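Got a structure for you, written out below as structure tokens; questions coming shortly.
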Amino acid sequence: MSEWAWVTAGYVIAYGGLAGYALSLVRRVRTLRRRGGNT
Amino acid sequence: MTPLFGRKLPITAGVLIAVAVAADMVSPPDRIQGELVRLMYVHVPSAWIAFLSFGITFAASALWLWRRQPRFDRLACASAEVGVFFTGLAIVLGSVWGKPVWGVWWAWDPRLVTTALMFFVYLGYLALRRATVDPLARARRSAVFGVAAFVQVPIVHLSVLWWRSLHQPPTVLRPGDPTIDHRMLAALLLSLAAFTLVFLVLVRARVRLAAAEEAIEAIQAAEDRELAGSAVTAPRVEGIRIDV
């Protein structure tokens, strides 16, 4: 693998991971709303 | 209804990420590692933010033990969870960097081992919270754990000085001037600023989530006691408002 390929993989993991965690928080809020029957 | 992530801070964080990534890409390659050095701009901030997270957990835990206010428990928990995420990210990014540079995904190196230990200990903190049903007991046990576990942060940081290590010794957080090219340092600091803003966004959202979870828990516990007494759990009642 070329050096830029490793760098790209690292950035995808880093920023993709951050986005994924943020999305997981959104999903947990939606689950809470379903449990609670939010208005 | 309060937006989970807010508005201004996520936008600012997004802009700063874009600027940081641009700076990372135009910074010079390393004499020895070439382009691979750019992984420093995501790996190092992840580790630093992990330290910051656990520092906040430590402070919030101590404040809870002193004041017994629920907001400190929420902050400690939120920061610990985000810290576990950033620690895991630092480990994974370290592997991605280590494979082409060291030739291995993992080494039984003091820095790597102490970081992995720290990851599992704080994972244990989250597991402890999950396993404790009573809110007051949960907050008390977590607070003691959160204070004690922080000892690992200086151990991880100083591990490269105390023991023989493959890992690079500190280049910024050390006595004297940083031993790094100033253009690389600028890109690193920009990336750190971007990661810090993202950290603030995530912790704030996680605290709001924790408040909503506690509100539901408290209402359901009160309804259970009202309907059937504290010895029996009643069916859950719908129609509970969550203000997130």
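The values are calculated or read from the model by the stated rules, or taken from the named source; none is laboratory data. Predicted model, so just to flag it, every value in this text is computed and none were measured. Note that each Cβ is placed from the backbone with ideal geometry, even for glycine, and that neighbours are counted across all protein chains shown. Accessible surface is based on the protein model in full, side chains and every heavy atom, while ligands, DNA and RNA are left aside. Shrake-Rupley method; radii C 1.70, N 1.55, O 1.52, S 1.80 Å.
Here are some residues: B:Phe51, B:Phe85. Which one is open to solvent by 20 Å² or more (accessible area, probe 1.4 Å), closer than 30 Å to B:Ala139 by Cβ and either more than 9 Å from every other protein chain (Cβ to nearest Cβ) or in a loop (DSSP other than H, G, I, E, B) (or both)?
Going through B:Phe51, B:Phe85 in turn, the sole match is B:Phe51.
If you take the residues of the range B:88-113 that are of a type in the set (Val, Ile, Thr) and open to solvent by 20 Å² or more (accessible area, probe 1.4 Å), which of them is nearest to B:Pro154 (Cα to Cα)?
Looking at the filtered set, the residue picked out is B:Val113.
Kindly evaluate B:Val44 against the criterion of being open to solvent by 10 Å² or more (accessible area, probe 1.4 Å) and closer than 30 Å to B:Pro100 by Cβ.
Values: open to solvent by 10 Å² or more (accessible area, probe 1.4 Å): yes; closer than 30 Å to B:Pro100 by Cβ: yes.
Taking the combined requirement at face value, the residue satisfies it.
With the requirement that a residue be closer than 23 Å to B:Met40 by Cα, open to solvent by 40 Å² or more (accessible area, probe 1.4 Å) and outside any helix (DSSP H, G or I), what does the range B:5-29 give you?
If the condition is that a residue be closer than 23 Å to B:Met40 by Cα, open to solvent by 40 Å² or more (accessible area, probe 1.4 Å) and outside any helix (DSSP H, G or I), then B:Pro29 is the only one that fits.
Is there any pair with a first residue in the range B:207-219 that is more than 14 Å from A:Val26 (Cα to Cα) and a second that is among the β-branched types (Val, Ile, Thr) whose Cβ atoms are under 6 Å apart and which are 6 or more apart or on different chains, and what are they?
Final answer for the pair search is B:Ile216/B:Ile240; B:Ile219/B:Ile240.
Mind counting the residues in the range B:134-148 that are closer than 17 Å to B:Val121 by Cα and surrounded by fewer than 16 Cβ atoms within 10 Å (Cβ to Cβ)?
Residues flagged as closer than 17 Å to B:Val121 by Cα and surrounded by fewer than 16 Cβ atoms within 10 Å (Cβ to Cβ) within the range B:134-148 amount to 2.
Answer yes or no as to whether B:Ala80 is under 19 Å from A:Ala19 (Cβ atoms) and part of a helix (DSSP H, G or I).
no
Here's a follow-up. Does at least one position in the range B:69-77 carry a residue that is part of a helix (DSSP H, G or I), within 14 Å of the chain's Cα centre (by Cα), touching a residue at least 12 places away in the same chain (Cβ under 8 Å) and closer than 27 Å to B:Gly34 by Cβ?
no
Being assigned to a helix (DSSP H, G or I), surrounded by 13 or more Cβ atoms within 10 Å (Cβ to Cβ) and at pLDDT below 95, is that true of even one residue in the range B:164-183?
Within the range B:164-183, none of the residues are assigned to a helix (DSSP H, G or I), surrounded by 13 or more Cβ atoms within 10 Å (Cβ to Cβ) and at pLDDT below 95.
State whether the residues of the range B:54-64 include one that is surrounded by fewer than 21 Cβ atoms within 10 Å (Cβ to Cβ), modelled with pLDDT under 95, in contact with a helix residue (DSSP H, G or I) (Cβ under 6 Å, 6 or more places away or on another chain) and not in a loop (DSSP other than H, G, I, E, B).
Looking for residues that are surrounded by fewer than 21 Cβ atoms within 10 Å (Cβ to Cβ), modelled with pLDDT under 95, in contact with a helix residue (DSSP H, G or I) (Cβ under 6 Å, 6 or more places away or on another chain) and not in a loop (DSSP other than H, G, I, E, B), one finds none in the range B:54-64, hence no.
Looking for something farther than 25 Å from B:Arg183 by Cβ and within 9 Å of chain A (Cβ to nearest Cβ) - is there at least one such residue anywhere in the range B:91-103?
yes
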